[in-house]
Amino acid sequence: MPLNLDAVGTLSDPAETSWDSKDAILYALGVGSGTDEQAFVTENSIDLDQQVLPTMAVVIPAIGGGMSNLGDFNWAMLVHGEQGIRLHRPIPVSGTVSSQTEITGIYDKGKGALVVMETRSTDVATGEPLFDTMMSAFIRGEGDFGGDRGPSGPQNVPPDRAPDHSVTYQTRPDQALLYRLSGDRNPLHSDPKFAALAGFDRPILHGLCTFGFTGRALLHTLCDSDPSRFTAMDGRFSSPVFPGESLTVNMWVDGGEAIFQTTGDDGRVVLDAGKCEFST
């Protein structure tokens, strides 16, 4: 059965997901936090309350239910295109959310289809929205169905000047092995033999791990490490990253917004069309 084009506008059944202090710490370690980010990696430090990285929003809700409405397709042909998060308030150290995913668009890109989804997560304890996540996925071989091509053209292009801030983080050679413990057990990120089948000479880093490293740089640089000031973040994955590479996040600030790009060891852009919103 081909891609179900009538899936646009459909909602998944609500699904509850819980997390605790240990999950928040494990996520922070998985995206590179260390001893200089004590509030994010400990729960019992003297005179210091534990906090949660805003980008943890990408690993809390389960979005698989929304994908099931798309019909049959080869999952090996799916590539994560873009990712976004919007925080309504800081993520608590522990909690439960009820999440629903809506397929908001399926676009014909010729060689494939671009599927856009939005997941809205509500705090079960309060009944209030906690965060929304947005993602797009490109499914190769599912295009040419005569549909709308959707949005196109450059977005969030950096200005023609030096960045206002530039932060470099070093990933560990085993970074993907740590990050996968937050939920994404795809062997592409851990098994050299599986990675070879996908055309890589070694496992690659999770795109959402790169997203998390970038979010840390934005949080500490633009928000003075205060999650309550971090409102939204969007970016497009443009190149694989290998564990052990350095990641440099360049930021161009304009009031409460910043355009950003993340580059790898050789200067190639790995996370593009980035935009962060924050309170000043």
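I need to check one value: relative contact order of the chain, counting alpha carbon pairs closer than 8 Å and at least 6 residues apart, in percent. Walk me through the numbers before you get to the answer.
On the way: 636 pairs, mean separation 52.8, N = 280.
Contact order relative to length: 19 percent.
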Task: Expected 222 nm ellipticity per residue - DSSP helices of 4 or more, -39500 (n - 2.57), all of the chain, to 500 - done: -4000 deg cm²/dmol
Open item on the list: Through the Karplus equation 6.51 cos²θ - 1.76 cosθ + 1.60, θ set to phi - 60°, convert the phi angles of segment 223-228 into ³J(HN,Hα) values in whole Hz; use x for Gly and Pro.
Closed with: 10, 6, 6, 9, x, 5
Task: 5 angstrom amide H check on Leu130, placed H, neighbours 5+ away - done: Ser121, Thr122, Asp123
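Size of the dipole of the chain about the Cα centre, Lys and Arg at +1 and Asp and Glu at -1 on the beta carbon, nothing else charged, in debye to 20? Present the calculation step by step, with values, prior to reporting the outcome.
Numbers: 19 positive and 37 negative charges, 127 e Å.
Its charge dipole is roughly 600 debye.
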- [ ] Determine, for each peptide in 47-57, 213-223, the mean count of other beta carbons within 10 angstrom over its residues, then list the peptides with the highest first.
- [x] 213-223, 47-57
Task: Centre separation in Å (Cα based) which lies between segment 217-280 and segment 122-179 - done: 11
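What ranking do Asp266, Asp123 get, fewest neighbouring Cβ atoms within 10 angstrom at the top? Please report the intermediate quantities before stating the final value.
Working: Asp266 7, Asp123 18.
Ascending Cβ contact count within 10 Å gives the list Asp266, Asp123.
May I ask you to order 190-198, 153-161, 83-91, 66-74 by the average number of other C-beta atoms within 10 Å around their residues, highest value first? Provide the component values of the computation, followed by the final result.
Values: 190-198: 13.0, 153-161: 10.8, 83-91: 19.1, 66-74: 16.7.
Per-residue mean Cβ counts within 10 Å order the peptides as 83-91, 66-74, 190-198, 153-161.
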Open item on the list: For Phe242, what residues show an amide H to amide H distance below 5 Å, using hydrogens built from the backbone and excluding near sequence neighbours?
Closed with: Leu205
TODO: Determine, at each q value in 0.19 (inverse angstroms), the log₁₀ of I(q)/I(0) that the Debye formula gives when each Cα of segment 5-140 is one equal point scatterer.
DONE: -1.05
Task: Diffusion coefficient, µm² s⁻¹, Stokes-Einstein with Kirkwood Rh over alpha-carbon pairs of the chain at 25 °C and 0.890 mPa s - done: 126
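Defining a contact as two alpha carbons under 8 Å apart and six or more residues distant in sequence, what relative contact order in percent does segment 211-271 show?
Value for segment 211-271: 29 percent.
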Task: Sequence-distant residues sharing a close amide H with Gly274 (under 5 Å, placed H) - done: Arg236, Phe260
Task: Derived scalar couplings ³J(HN,Hα) [segment 159-166; Karplus, 6.51 cos²θ - 1.76 cosθ + 1.60; whole Hz; x for Gly, Pro] - done: x, 7, 7, 5, x, 6, 9, 9
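Read-outs: derived from the displayed coordinates by stated rules, not from any lab. As the structure is a prediction and not an experimental result, all values here were calculated from the model. Neighbour counts are summed over all protein chains in view; Cβ atoms, including those assigned to glycine, are modelled from backbone coordinates with ideal geometry.
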